[in-house]
Amino acid sequence: MTYRAGLVGCGRIGCGFDDDPRRRTVGTHAGAYARVPGIDLVAMTDVDPAKLARYGDTFGVAGRYTDHRVMLERERLDALSICTWSDSHRTILEDALSAGVRAIFCEKPLADDLAAGAAMIQRCAERGVPLMVNHRRRFDAYHRELGAFIRGGGLGRVQHVSSYYVSGIANSGTHLFDMLRLYCGDVSWVRARTSPIVSPNPEDPNLDGWLGLESGGLVTVNACDVKAHYIFEMTILGTDGRLRISSTSVEELAYEVALEARASSEYRELRPAPAPVDPDRPHEHMIDAVTHLVECLDHGKTPYCTGEDGLKALEIICALRESALRDGAHVELPLKGSAIRLPSR
């Protein structure tokens with residue numbers, strides 16, 4: 001069986017990232033649908049007719065609409081990618097479920113506030129529809145294996161995590177916090193300040209923060225200037241070793257283990273060691289994601305990144321924003337009745 005997929009939003013993650021001649025891997029939903037067997041992108045929608053015509057031609061999509069509701073009514077879709085701004089995700093998902101769509105692949109962050117995200121999860125659960133969130137590193141076995149290694153004690157007890165991101169606490173921070181949970185488990189408290197480095201989106205500020213892991217480790221979150229350079233990086237220091245994971249256009253990994261010090265009988269020291277996973281394997285996050293979407297449709301699998309995972313990342317974001325608005329106040333998780341809203345592009 002070949003599934004019928006539709007796409008809402010022909011922007012960068014929907015279609016545009018693959019225009020970059022320097023990009024080494026598939027970077028878009030449309031590009032992944034074009035390469036994964038068992039599913040065809042048959043329709044797309046965007047409010048910009050020129051963009052719709054351009055990418056309809058690029059990806060050979062005949063069904064082109066400026067209103068997603070018309071597309072859903074006419075195309076009888078099995079799967080839908082939601083690639084719009086976060087404040088529209090809930091409405092589009094509700095319309096898709098009403099039209100009988102069987103699987104949702106939603107861009108991050110899941111929603112612009114916690115109430116909307118929780119409602120999306122509930123509605124999909126009521127219909128038995130898998131809700132998959134595009135925290136794309138979860139679909140790569142490399143990152144899942146690293147997570148299993150760290151959570152399984154490969155670094156010993158996690159003492160400290162330092163991390164760097166750009167372009168807004170909701171836009172890029174959501175990836176950071178999902179990756180943190182994949183590697184180190186849940187967060188129990190946060191404190192934050194508004195960064196002096198201004199985000200490109202005023203509604204989605206840059207925040208610097210401190211997070212407490214439920215396991216006891218401390219996490220620092222540092223916003224950087226995307227106009228200077230792009231960075232997405234995490235260093236995890238445990239009692240038995242250290243990992244530095246840089247995940248931008250190229251995945252890079254540095255690993256050290258604690259061994260007897262060469263110049264002291266009293267201490268151990270960190271020394272370079274072979275990586276605990278293959279650092280040179282190919283990385284095709286978007287192709288892996290759509291392949292997994294087909295598996296969820298075929299076999300009823302639970303997505304590697306669920307709506308609940310998306311909501312947990314959003315909860316950390318909202319808690320950090322609440323702390324920053326309260327002059328760095330200590331905020332405990334889980335949040336209760338948060339009114340924080342962070343629209344992300």
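Derivation of every value follows stated rules applied to the coordinates shown; laboratory data play no part. This structure is a prediction, so every number in the text was calculated from the model and none was measured. Here the Cβ positions follow ideal geometry from the backbone for every residue, glycine too, while neighbour counts run over all protein chains shown.
Helix 49-58 and the long axis of the chain differ in direction by around 80°, with both axes built from C-alpha atoms. In order along segment 13-28, the Karplus-derived 3J(HN,Hα) couplings, from 6.51 cos²θ - 1.76 cosθ + 1.60 at θ = phi - 60°, round to 6, x, 9, x, 4, 6, 6, 6, x, 8, 5, 8, 10, 5, x, 10 Hz, and Gly and Pro are given as x.
Against the chain, whose longest principal axis is taken from its Cα atoms, helix 141-151 shows a tilt of about 40°. In terms of the mean number of neighbouring beta-carbon atoms within 10 Å, the peptides 103-113, 186-196, 307-317 order highest first as 103-113, 307-317, 186-196.
Here the contact order of the chain, divided by its residue count and restricted to Cα pairs under 8 Å and six or more residues apart, works out to 20 percent. The alpha-carbon atoms of the chain, seen along their principal axes, cover 73, 44, 40 angstrom, with the largest extent given first. The calculated FRET efficiency for the pair Glu145 and Arg12, based on their C-beta separation and a Förster distance of 25 Å, comes to about 0.30. With a Cα cut-off of under 23 Å and a minimum spacing of 8 residues unless on different chains, the lysine pairs in the chain number 7. Per the Debye formula on identical point scatterers at the alpha carbon atoms of segment 52-125, with no solvent, log10 I(q)/I(0) at q = 0.19, 0.24, 0.28 Å⁻¹ is -0.80, -1.15, -1.36.
Computed from Cα atoms, the angle from the helix 307-325 axis to the main principal axis of the chain rounds to 60 degrees.
Using only Cα atoms, what is the ratio of the radius of gyration of segment 1-108 to 2.2 N^0.38 Å? Working shown, then result.
Working: Rg = 12.7 Å, N = 108, 2.2 N^0.38 = 13.0 Å.
The reported ratio for this selection is 0.97.
Given only helices, namely DSSP H runs of n ≥ 4 each adding -39500 (n - 2.57), what is the per-residue ellipticity at 222 nm of the chain, to the nearest 500 deg cm²/dmol? Write down the numbers at each step before the final one.
Working: 9 runs with 104 residues, N = 345.
Taken over the chain, the calculation gives -9500 deg cm²/dmol.
Couplings 3J(HN,Hα) for segment 187-203, derived from phi with the Karplus relation 6.51 cos²θ - 1.76 cosθ + 1.60 (θ = phi - 60°), are 9, 10, 7, 9, 9, 8, 9, 6, 5, x, 8, 6, 6, x, 10, x, 6 Hz, where x marks Gly and Pro.
Taking N as the number of residues in segment 133-245, what is its Cα Rg relative to 2.2 N^0.38 Å? Walk me through the numbers before you get to the answer.
Numbers: Rg = 13.9 Å, N = 113, 2.2 N^0.38 = 13.3 Å.
Computed over Cα atoms of segment 133-245, the ratio equals 1.05.
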